[in-house]
Amino acid sequence: MVDPTPLVNDCTLLFQDLPPVQNDFHKSLYLPTTANIEHLTKQALSIILHNMYVCVCRQVQDHLPGGCFHDARDQLRQETSTCPKDNLAAERIFSGLDRLRRIMPNANTVSFEGILLWSLNKTRDYLDGMDETKKSKFIADARKHRGSYLKLYQCKSAAIKKVCAERMQQNKDKKEAKQRLLTKQAAENTSNALKICGTICSAQEHVDELLKMDDKRKLEEALISQIKHWKTSCRGGVRRDLFYLTSKGKKLPTEQLETNLRTIIYLGH
């Protein structure tokens, strides 16, 4: 990293066209201090400026040497000369929308649009600055075309409501499909547990009965079937990791499955 010492001695300007204002605040930043504070300040400046350099390069990489806009043609510069150089307008609109949503939670999108356009376009000031003849003509035209404007508004409002209704129906269908899948899976897990074990383990004594199996493979299969049953039938209160059947890509040992099942039964009740 570059040595940041010049920055703490007030002898280097980051921007030559923007010299700092020599006021009390500026002078207080360069008052003598301890060696430890100066060392920590240099470290902080090195870290901050290094990360700032990476961030700025990432944001303006298209305009740096090798970027697609580094040596833009005169025609492109002319075509984009009237484009906004910042996103203040968009931020202003969204800040206004956020405020309106908080103070008018029941208003619809069309209302928000009208309020924002009226305030940001300064329609009131525009009308007040007209002479009476021109203003009267505009108002008369607005009254004349009121029906068509109202029809456009109603069509737009109906289209928005239609889209909202379609999305609500889609979400409802997805939720119902998910619930049907969970119900089917729960039934399959319960049926499988009954088929393998002959019972559903709902107490510690039932787990003790399972452990009497001589075949280790069947015991593991029985424990897994019981854990799967509890996973789809449990209504909460049990940690999710207790339903895991593997750890780091490997199957859990039978002893761990037994411990998890006992814990699930205890917490599930």
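The values are calculated or read from the model by the stated rules, or taken from the named source; none is laboratory data. On a predicted model such as this, the values are computed, not experimentally measured, just so you know. As a convention, Cβ positions derive from the backbone with ideal geometry for all residues, glycine included, and neighbour counts pool all protein chains shown. Surface accessibility is based on the protein's heavy atoms, side chains included, excluding ligands, DNA and RNA. Shrake-Rupley method; radii C 1.70, N 1.55, O 1.52, S 1.80 Å.
For Ile196, state whether it is part of a helix (DSSP H, G or I) and either touching a Leu at 6+ places or on another chain (Cβ under 6 Å) or open to solvent by less than 60 Å² (accessible area, probe 1.4 Å) (or both).
Considered against the rule, which asks whether it is part of a helix (DSSP H, G or I) and either touching a Leu at 6+ places or on another chain (Cβ under 6 Å) or open to solvent by less than 60 Å² (accessible area, probe 1.4 Å) (or both), Ile196 comes out as yes.
Mind checking which residues of the stretch 15-56 are part of a loop (DSSP other than H, G, I, E, B) and exposed (fewer than 10 other Cβ atoms within 10 Å of the Cβ)?
Phe15, Gln16, Asp17, Leu18, Pro19, Val21, Gln22, Asn23, Leu31, Pro32, Thr34
Going by the conditions given, is Lys162 over 26 Å from Asn260 (Cβ atoms), at pLDDT 90 or above and not small (Gly, Ala, Ser)?
So Lys162 fits the description; yes.
Got a sec? Which of Lys195, Lys184, Lys248 is among the basic types (Lys, Arg) and at positive phi?
Within the list Lys195, Lys184, Lys248, the selection yields Lys248.
Is one or more of the residues making up the stretch 157-178 assigned to a helix (DSSP H, G or I), over 30 Å from Thr109 (Cβ atoms) and open to solvent by 70 Å² or more (accessible area, probe 1.4 Å)?
No, because not a single residue in the stretch 157-178 is assigned to a helix (DSSP H, G or I), over 30 Å from Thr109 (Cβ atoms) and open to solvent by 70 Å² or more (accessible area, probe 1.4 Å).
Given Leu182, Leu223, which one is without any contact (Cβ under 8 Å) to a residue 40 or more places away in the chain, assigned to a helix (DSSP H, G or I) and of a type outside the set (S, T, N, Q)?
The unique qualifying residue is Leu223.
What number goes with the only condition from (1) under 30 Å from Thr109 (Cα atoms); (2) more than 29 Å from the chain's Cα centre (by Cα) that Ala203 does not pass?
Unmet condition: (1).
Tell me whether the stretch 33-46 contains one or more residues that are of a type in the set (Asp, Glu), more than 39 Å from the chain's Cα centre (by Cα) and farther than 30 Å from Ser157 by Cα.
Yes: one or more hits.
What number of residues in the stretch 1-14 are of a type in the set (D, E, K, R) and open to solvent by less than 80 Å² (accessible area, probe 1.4 Å)?
Total satisfying the criteria: 1.
How many residues are surrounded by 13 or more Cβ atoms within 10 Å (Cβ to Cβ) and under 13 Å from Thr254 (Cα atoms) when one looks only at the stretch 199-225?
11
Could you go through the stretch 255-269 and let me know if any residue there is open to solvent by 70 Å² or more (accessible area, probe 1.4 Å) and in a loop (DSSP other than H, G, I, E, B).
Looking through the stretch 255-269, at least one residue is open to solvent by 70 Å² or more (accessible area, probe 1.4 Å) and in a loop (DSSP other than H, G, I, E, B).
So which helices (runs of 4 or more DSSP H) stay within the stretch 60-140 end to end and still have 2 or more residues that are open to solvent by 100 Å² or more (accessible area, probe 1.4 Å)?
Counting at least 2 such residues, we get 74-79, 88-103, 123-128.
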